[in-house]
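Okay, so here's the structure we're looking at.
The values are calculated or read from the model by the stated rules, or taken from the named source; none is laboratory data. These numbers were taken from a predicted model, which means no experiment stands behind them. Here Cβ is always computed from backbone atoms with ideal geometry, including for glycine, and neighbour counts include all displayed protein chains. Keep in mind that these areas ignore ligands, DNA and RNA; they rest on the heavy atoms of the full protein, side chains included. Shrake-Rupley method; radii C 1.70, N 1.55, O 1.52, S 1.80 Å.
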Amino acid sequence: MVRIGVFSDTHIGRAVPNTVAEYRRRAFRHAFSRAIDLFIREDVDYVIHAGDLFERRSMTPGDSILVKDELQRLVDGLDGEVKILMVRGNHDGTPENSALDYVKHPLAKYLEVLGDGTLRGEEELYEDDLIAAVGFGYTPYPSPRIREVEGVIRNILQTSRAQFKVFISHMFIEGHQDIPPGVPGHQIVSLESIRRLGADLVISGHHHQYSPTTDLGGVKVLTPGATESIDLSDTGPHGALILNLERTLDVQFRPITPLYWVRSTAVEGGETPRPRGWFKEKALNQIREYIKELEGDGAKGILRMTLRGLVEEGRYDLELELENLIREMKMEKPFLIHVELENSLKEKGVTPILGGTLNREELLMELFKPLGEEARVKAMELVEEVELTLEEEASTKTGLLTESRRREYVKRWKRILGETE
Ligand SMILES: [Mn+2]
């Protein structure tokens, strides 16, 4: 029997939101260590990480040392009888400048980073008697790219004489994961593309929620999800997978107890305009409830609270008032680490410029309408790319990109608008 420990999206170095940066950094480190504990306890033969090991833009030297030490602890705890396979995620950096290099070299004997060769169309394979593995590193265009290299992948997997053929990737898979709305088609890979690869097992990171196994008749598709809430709105549960491979594949999801609770809640005002005090009262009650639960459990926690509805006046004053009260509550009740307020209130009599019911994609479509169909598609693509780049590369202090990076996008925007320089 072969035992494989699988995890993904550990985002070591993530420190969002900024107000509780160091709490969050510790929480991601904690989850990583608990996953390593699990793999040692389960005496696994392989560990697979499906990308976003790090969050490169905010990671510190301490973060890479922690990961290196923890992987070394894994190797030692299993008497050197383990192989670690990884692919690069969008937060690990580019193929030329990947944070995975920080741990790859010190652990070279045990660790193999796969996937960037495959993206270039090369035959890249990890292989022993038991398993053959092909990786597929992050690309913003996985759907067309996988079609281009599918022949290469199928060929090396088919020629391998290993017992189990594994494909490791960092991408969205249609019909398997619950993909958030607004993700463009070229970022979503179809199950049909997956089926054609010739793998027995397909593992994908990128999606932060664990998805139960999809069985394509011979091909099993797995998403372990993240080990900790990446965004405060993530519901979890978060954890790692233990796979037992014999004739059949047995998949077990093992939750990881987080270092701090993360909870998301909302105060819903509905369509009726309500006074400020109404929202304040509801919000404070929900926070008190949360504190009670935390105290009961002896746990510390972060609460994300969305305010929605129609307020009679002073939506920003309300926010300030609440923030002051929350500050006092935190001093008094140290179980409460932080409340992240999302103020989505509308004020009575103030109509938004564009209809308030549009979702993000509809709003962009509306905004770019005057450009005409062809330019509109390009503009939407540009927005999406800028958004992704901001998330991966923006300075954690200013939230901005470097001048040279910005210039690239400005140039493209001008081209879309029909200007040539
Ligand atoms: Mn991720």
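Each 20 Å bin from 0 upward holds the following percent of the Cα-Cα pairs of the chain: 23, 52, 23, 1. In the assembled protein chains, T235 presents an accessible area of approximately 120 Å² (probe radius 1.4 Å).
The antiparallel fraction among DSSP beta bridges confined to the chain stands at about 25%.
To the nearest 10, the accessible area of H186 is 40 Å² with a 1.4 Å probe.
Of all aspartates and glutamates in the structure, the ones whose alpha carbon falls short of 18 Å from that of K68, not counting any fewer than 8 places away in one chain, are D9, D37, D52, E55, D76, D79, E81, D92, D101, E112. For a distance above 28 Å, tell me the whole-number percent of Cα pairs in the range 253-397 that qualify. Percent of Cα pairs beyond 28 Å in the range 253-397: 43. Relative to the longest principal axis of the Cα atoms of the chain, the long axis of helix 373-393 makes an angle of roughly 80 degrees. For the range 229-332, the share of DSSP beta bridges that are antiparallel, to the nearest 5, is 40%. Return the percentage of antiparallel bridges among DSSP beta bridges fully within the range 1-153, rounded to the nearest 5 %. Given both bridge residues lie in the range 1-153, the antiparallel proportion sits at roughly 20 percent.
Within the same chain, lysines fewer than 8 places from K348 are excluded, and of the rest, those with a Cα less than 28 Å from its Cα are K280, K282. Here the relative contact order of the chain, from alpha carbon pairs under 8 Å that lie six or more residues apart, stands at 13 percent. Here is the list for the range 144-247: GluC sites (Glu not before Pro) lying in DSSP coil, each with at most 13 other C-beta atoms within 10 angstrom of its C-beta, are E246.
Listed cross-link partners K83/K220; K104/K411; K292/K346 are compared with a 26 Å cut-off, the Cα-Cα value being larger for K104/K411; K292/K346. Distance distribution P(r), the range 360-416, all Cα-Cα pairs, bin width 10 angstrom from 0: 22, 47, 28, 3 percent. Each residue, Q72 and Q158, gets one label point 7 Å from its Cα in the Cβ direction; the gap between the two is 4.5 nm.
Taking the Cα atoms of the range 261-347, the ratio Rg/Rh between the radius of gyration and the Kirkwood radius comes to 0.99. Taking θ as phi - 60° and the Karplus parameters 6.51, -1.76 and 1.60, the scalar couplings of the range 245-261 work out to 10, 10, 6, 10, 9, 10, 10, 10, 8, 10, x, 10, 6, x, 5, 10, 5 Hz in sequence order, x denoting glycine and proline. Each pair of Cα atoms in the range 236-302 enters the Kirkwood radius, and Stokes-Einstein at 20 °C and 1.002 mPa s then converts it into a translational diffusion coefficient of 138 µm²/s. Apply the a/c threshold of 1.5 to the C-alpha gyration tensor of the range 16-99 and tell me whether it is rounded, prolate or oblate. Oblate, since a/c reaches 1.5 and b/c is not below a/b.
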